[in-house]
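Chemist: For reference, the structure I am asking about is given below.
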Amino acid sequence: IQATHQPHDVLEQLLRIGRRAIVSFPNFGHGRIRWHVMFRGRMPVTQNLTYAWYDTPNIHLCTVADFEVLCDSLGIEIMQRAVVDNAHRSGLGLRLLPHLLGEICLYRLRRR
């Protein structure tokens, strides 16, 4: 979803064509990304964000909260959310702080 020009239109069209949709995106609010920007002053290159800022196919980077606000504004129900991170094997931290600890977000959606 982050590599599309009009993510809100893409979501609306997905749910117009199908009753449900599954989307994923890298969480730009992840703690390691925040740390990198804050202490190094540069956009990070990570395992999930593998391009330099000037060469990335990602057009619209967002956080967990950004995406959920977009869904709410479009009348989209989040049926299920899974937030994963390679560094944190236990799911406890991801359930408590998904916006900070989750690298990749996966959502199952439908129209309200």
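Chemist: Test Glu77 against the stated conditions and say whether it is charged (D, E, K, R) and modelled with pLDDT of 95 or more. Steps first, answer last, please.
Modeler: On the way: charged (D, E, K, R): yes; modelled with pLDDT of 95 or more: yes.
So Glu77 passes the test.
Chemist: Out of Phe67, Phe28, which single residue is within 14 Å of His99 (Cβ to Cβ) and at pLDDT below 90?
Modeler: Details: Phe67 fails: at pLDDT below 90.
None of the other options fit; the residue is Phe28.
Chemist: Okay, next question. Name the helices (runs of 4 or more DSSP H) wholly inside the chain in which the number of residues that are open to solvent by less than 70 Å² (accessible area, probe 1.4 Å) and in contact (Cβ under 8 Å) with a residue 12 or more places away in the chain is 3 or more.
Modeler: Values: elements: 7-17, 31-40, 64-73, 92-96, 98-101.
Here the list reads 7-17, 64-73, 98-101.
Chemist: Next question. Going by the conditions given, is Trp35 at negative phi, among the aromatic types (Phe, Trp, Tyr) and modelled with pLDDT under 85?
Modeler: Working: at negative phi: yes; among the aromatic types (Phe, Trp, Tyr): yes; modelled with pLDDT under 85: no.
In short, no.
The values are calculated or read from the model by the stated rules, or taken from the named source; none is laboratory data. If you're wondering where the values come from, they're calculated on a predicted model, not measured in any experiment. Using ideal geometry, Cβ is built from the backbone for each residue, glycine included, and neighbour counts are taken over all protein chains shown. For accessibility, only protein heavy atoms count, side chains too; no ligands or nucleic acids. Shrake-Rupley method; radii C 1.70, N 1.55, O 1.52, S 1.80 Å.
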